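Report on the following structure.
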Amino acid sequence: MTNAALSIELMSANPLPEIADGADAPEWVHVLPRAKGSLQTHDGRGPYFVRDEEAIIAASMAEGEIAIDQDHAIAKSNKTGQPGLARGWIAEMQSREDGIWAKVNWTKIGRELVSTRAYRKLSPVLMVDPVSRVVASIREV
């Protein structure tokens, strides 16, 4: 399948784990929930179909670490001319009982934004094929 056959879909924001006052940003974040059949977000986006979590992880990590940005800034940077800076880097992904999780190396600013609860959710960016099967997942703050 070529990249031309893929589309980019934005899911609704998923909550980060609860962070106690003074606690650090989480090392692991939930990237993609496991769904039986199809995945429908609480705001009605989808349905998306997750068939092979290991293949999604392999495709997502194929080019190395994945940037986590703020307010989809990297995707918008070409249009706005503003820099799209990383707030963290996904270094590893794992398939777990409840879906796909990502290990994040936060930047200083990203760690501060998350640990102070200025940002409490992550908005996934999904690569989907023409029949809405998820083939890769990226995260943004």
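The values are calculated or read from the model by the stated rules, or taken from the named source; none is laboratory data. Quick caveat, the model's predicted, so the values are computed rather than measured. Here the Cβ positions follow ideal geometry from the backbone for every residue, glycine too, while neighbour counts run over all protein chains shown. Ligands, DNA and RNA are excluded from the accessible area calculation, which covers all protein heavy atoms including side chains. Shrake-Rupley method; radii C 1.70, N 1.55, O 1.52, S 1.80 Å.
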Sites Ala62 and Trp28 - FRET efficiency at Förster radius 22 Å, r taken between beta-carbons, to 0.05: 0.60
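Arrange the residues Thr116, Thr107 by how much accessible surface each exposes, largest first, with a 1.4 angstrom probe. Each step should come with its number before you reach the end.
Working: Thr116 90, Thr107 40 Å².
Greatest to least solvent exposure: Thr116, Thr107.
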Arg133 accessible area, assembled protein chains, probe 1.4 Å, Å²: 100 Å²
Inter-probe distance in nm under a simple model that places probes 7 Å from Cα toward Cβ, at Arg45 and Ala91: 2.8 nm
